[in-house]
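Right, one structure below, let's go through it.
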Amino acid sequence: MADCGSWAQGVAGTGARRRASRVSGTKEQDGNTLEGLIFEARRAYFGAARQGFDAARVAVQPRLPVRVTRADPVTTELRETTTPNDDCDREHTRWLKKEFAVLRHHLSRLQDRSRASLQSVLAQKLLEEPYTVETPVGSLSFVLLGRTTAFRATSLLTKQPATIQWIDSFRPGSVFWDVGANVGGYSLYAALRTDAKVVAFEPAAVNYFLLAANCEVNRLSARVDCLPLGLGETEELAQLTVSQFAPAKSFSFLGRRHDQFQGKQATLIATMDQLIDEYGLACPDYVKIDVPGMADAVIRGAAKTLQRGHVRELHIEVQENSARGSRIIEMLHRTGFVVARRDAHGGSSDLTFARQVV
């Protein structure tokens with residue numbers, strides 16, 4: 001069990017020195033200068049915080065299997081709560097938030113060049129500290145940029161367990177196409193879990209960066225080909241409704257009026273048939289399709305590919321009772337695929353289509 005005492009003493013010591021400086025009218029270091037900020041940040045943040053927080057994390061880490069996940073009705077995101085040493089963890093979190101606010105305040109008071117230099121270094125260092133998830137087949141690391149990236153990392157094995165089970169069933173030496181890979185959770189797991197060759201498609205620039213970065217930090221770039229493309233029915237240049245400041249979110253080409261994102265990104269759309277016939281991509285054995293409102297277009301653009309006996313299964317997230325869901329099931333049935341497994345979650349289902357044996 002982590003001891004909050006050493007952490008609290010470090011924080012109290014830092015606070016006492018600051019108060020003594022204010023009372024005496026002296027300054028340990030000038031907080032308005034770059035040197036002063038570095039001095040304060042190193043002593044307060046990397047000293048007291050790391051000493052206590054790392055101790056707490058080491059103590060809690062062996063207890064991770066008992067971690068509970070609950071829905072937060074305000075943010076609609078999942079907040080993790082840990083039963084052991086929860087009070088100490090909350091104290092650490094509150095203190096770090098305050099220190100972060102102080103750090104931002106100091107940054108705002110620096111001269112422009114100094115602020116740009118230090119802020120860029122701090123952002124870079126944080127990006128270089130990935131979060132590691134333990135899976136049954138080994139560790140996977142994820143670059144963190146925004147809360148949704150943390151959610152996708154921590155919920156990798158639990159958000160859609162049927163998808164994980166499906167990947168576990170891949171035959172050795174298979175080719176897996178991940179259409180709508182986002183930051184690459186399932187692509188990475190497939191590359192780690194099996195000797196599959198993975199092709200991951202992600203059109204949104206911010207998500208593609210994280211996808212490629214996650215492959216790099218896990219040393220899986222040779223096993224995963226990351227393509228910044230959308231897949232559809234025809235080759236075209238389309239506009240993706242997106243925000244580059246909303247990493248790991250799901251974006252759409254449909255551009256509905258109620259979309260929460262206002263940015264646009266020009267994106268090339270290709271077809272599965274085109275990529276295989278004209279560019280020589282290996283025909284997939286397994287295909288995951290998770291693209292909002294575009295799954296039927298992806299299937300229409302794969303008419304020739306799906307006729308080949310090479311494709312074994314498709315795993316698609318659909319709303320079964322919708323017109324589009326019914327259309328997808330019918331389209332695949334005409335090409336020889338039937339629903340082999342289904343897993344309902346929320347308002348949709350993960351459907352696994354297998355080639356029908358005649």
Pick from the range 183-220, criterion surrounded by fewer than 22 Cβ atoms within 10 Å (Cβ to Cβ) and among the acidic types (Asp, Glu), ranking: modelled with the lowest pLDDT: 195
Report whether or not residue 299 is assigned by TED's automatic domain parsing to the domain that holds residue 234 and more than 25 Å from the chain's Cα centre (by Cα). yes
State yes or no: is residue 205 touching a residue at least 40 places away in the same chain (Cβ under 8 Å) and at positive phi? no
Considering only residues that are buried (at least 19 other Cβ atoms within 10 Å of the Cβ) and within 10 Å of the chain's Cα centre (by Cα), look in the range 153-172 and name the one that is nearest to residue 318 (Cα to Cα). 156
Condition first: over 22 Å from residue 285 (Cα atoms), part of a loop (DSSP other than H, G, I, E, B) and not aliphatic (A, V, I, L, M). Can you find one or more residues in the range 145-154 that meet it? yes
State whether one or more residues within the range 252-259 are under 22 Å from residue 140 (Cα atoms), in the same structural domain as residue 142 (by TED's automatic domain parsing) and basic (Lys, Arg). no
Where in the range 288-358 are the strands (runs of 3 or more DSSP E), entirely inside, with at least 2 residues that are under 26 Å from residue 235 (Cβ atoms) and among the basic types (Lys, Arg)? none
Scan 288, 264, 304 and give me the residue that is in the same structural domain as residue 209 (by TED's automatic domain parsing) and either over 30 Å from residue 195 (Cα atoms) or free of Cβ contacts under 8 Å to residues at least 12 places away in the same chain (or both). 264
Total residues in the range 138-150, condition in contact with a strand residue (DSSP E or B) (Cβ under 6 Å, 6 or more places away or on another chain) and either acidic (Asp, Glu) or over 15 Å from residue 193 (Cβ atoms) (or both): 3
Looking only at the range 320-342, filter to residues that are without any contact (Cβ under 8 Å) to a residue 40 or more places away in the chain and among the basic types (Lys, Arg); which one of those is nearest to residue 167 (Cα to Cα)? 342
The lone exception for residue 250 - which of (1) buried (at least 18 other Cβ atoms within 10 Å of the Cβ); (2) hydroxyl-bearing (Ser, Thr, Tyr); (3) within 23 Å of residue 149 (Cα to Cα) it fails: (1)
Report, by residue number, each residue of the range 243-276 that is at pLDDT below 95 and closer than 19 Å to residue 298 by Cβ. 250, 251, 252, 253, 254, 255, 256
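The values are calculated or read from the model by the stated rules, or taken from the named source; none is laboratory data. Computed from a predicted structure; not experimentally measured. Neighbour counts run over all protein chains shown; Cβ positions are idealised from the backbone, glycine included.
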